[in-house]
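So the structure is just underneath, and the comments pick up after that.
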Amino acid sequence: MHRAHIGTNFTSDGGELTEDALRGLYAYPKHIPGPWIRANFVCSIDGAVSVDGRSGALGTPADKQVYDTLRELADVVVVGAGTVRTEDYGGVRIGPDGRQRRVESGMSDLPPIAVVSARAHLDPHSRLFNDTEVAPIVVTCADADPARVADLTSAGARVVTAGEHEVTSTGLITALDGLGLHRVLCEGGPSLFGRLAGDDAIDELCLTTAPVLAGGTAGRIATSPRAQVTAMAPAHILIDSDGTVLTRWVRLPRP
Ligand SMILES: NC(=O)c1ccc[n+]([C@@H]2O[C@H](COP(=O)([O-])OP(=O)(O)OC[C@H]3O[C@@H](n4cnc5c(N)ncnc54)[C@H](OP(=O)(O)O)[C@@H]3O)[C@@H](O)[C@H]2O)c1
């Protein structure tokens, strides 16, 4: 296990943890035959996934740095429609250096956002469609309202069907595979992540614990109708000087 302490200048085991080193710590496995599903969440010490319905109050500088790093390393950012609506998602932004690193490593310069929505219930006038350089992908179901699907297509989305009444984990993974999007970053929310975890489809979880207690009624990072235990191994634990704890957990090989 790699252990590191992140200070203001990101130190590792007493030395400097450079941005390059951080990218190395979060690199996807080199040889992945299909989509590798990495999820990223931040929660409070007492387990709250949001404060007053949004996650912004849980953010810290180290969490933001890892959040940006994970986006730079991803082929696609997958997110549930509830989070897109609540957090008013726009397209991914990456600075010129990050874009250049992506292009030099054979990636597109920006990853698209892929929104999972059974109802295709997204506002075509929202930032998702109008504040982005890359067309969003909408992953929906066969029985989504065709008029809504048509509106989203007209707004520029690439619409993919991956299930009858809901998006199944297998359907989602097959759809991403079909689009050649293998380095998957799932940014939640708890319903989508719970579904993937409940279906044993999560390969990796990057979890930030923000150094705050939040109380309130917010739930956990995963909610799903049934429990599913998946054994995970710690890949690293980073601790910032402000108390932010950043962990990376990778699933153990299936027996
Ligand atoms: N702390 C963090 O890191 C973090 C990260 C993300 C979100 N959040 C918080 O989580 C809250 C939102 O939670 P949530 O559970 O509602 O979020 P969510 O999982 O993003 O959204 C749920 C919605 O996504 C769609 N969906 C999810 N799974 C689906 C599936 N298998 N098939 C088809 N559609 C599916 C459905 O959309 P339709 O209704 O359109 O069909 C469903 O209503 C917000 O407060 C947000 O701030 C926190």
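Numerical summary
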item: Ratio of the Cα radius of gyration of segment 77-181 to 2.2 N^0.38 Å, where N counts its residues; result: 1.08
item: Highest-fluctuation residue, 105, 241, 126 considered, GNM on the chain with Cα pairs under 10 Å; result: 105
item: Nearest-ten-degree value, helix 169-178 long axis tilted from longest Cα axis of the chain; result: 90 degrees
item: For the chain, built as a Gaussian network whose Cα springs stay under 10 Å, the top-fluctuating residue of 88, 68, 20; result: 20
item: More than 31 angstrom apart: percent of Cα pairs within the chain; result: 22 percent
item: Linear extension gain, residue 85 paired with residue 133, 0.36 nm per residue minus alpha-carbon span; result: 15.4 nm
item: For residue 58, net neighbour charge (Lys/Arg +1, Asp/Glu -1) across residues whose Cβ lies under 14 Å away; result: -4
item: Within the accessible area of the chain (1.4 Å probe), percent carbon and sulfur; result: 54 percent
item: With at most 15 other Cβ atoms within 10 Å, longest stretch of the chain clear of loop trypsin sites (Lys or Arg not before Pro) (DSSP); result: 120-219
item: Alpha-carbon centroids, segment 178-252 and segment 71-113: separation in whole Å; result: 18 Å
item: The chain: relative contact order in percent, alpha carbon pairs under 8 Å with at least 6 residues between; result: 29 percent
item: Sparse-neighbourhood loop sites, GluC sites (Glu not before Pro) in segment 64-141 - DSSP loop, at most 15 other Cβ within 10 angstrom; result: 133
item: Label-point separation, residue 142 to residue 158 (7 Å along Cα→Cβ), nm; result: 2.3 nm
item: Using alpha-carbon coordinates, inclination of helix 61-73 to the longest axis of the chain, degrees; result: 50 degrees
item: Relative contact order (percent, whole number), segment 77-181, Cα cutoff 8 Å, 6+ residue spacing; result: 25 percent
item: Among beta bridges that DSSP assigns inside the chain, antiparallel share in %, nearest 5; result: 35 percent
item: Label-point separation in nm, residue 18 to residue 119, each point 7 Å along Cα→Cβ; result: 5.0 nm
item: Taking only Cα atoms of segment 49-119, radius of gyration then Dmax in Å; result: 13.6, 41
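The values are calculated or read from the model by the stated rules, or taken from the named source; none is laboratory data. Since this is a predicted model, take the numbers as computed values, not measurements. Positions of Cβ are generated from backbone atoms using ideal geometry, with glycine treated the same way; all protein chains shown enter the neighbour counts. Surface accessibility is based on the protein's heavy atoms, side chains included, excluding ligands, DNA and RNA. Shrake-Rupley method; radii C 1.70, N 1.55, O 1.52, S 1.80 Å.
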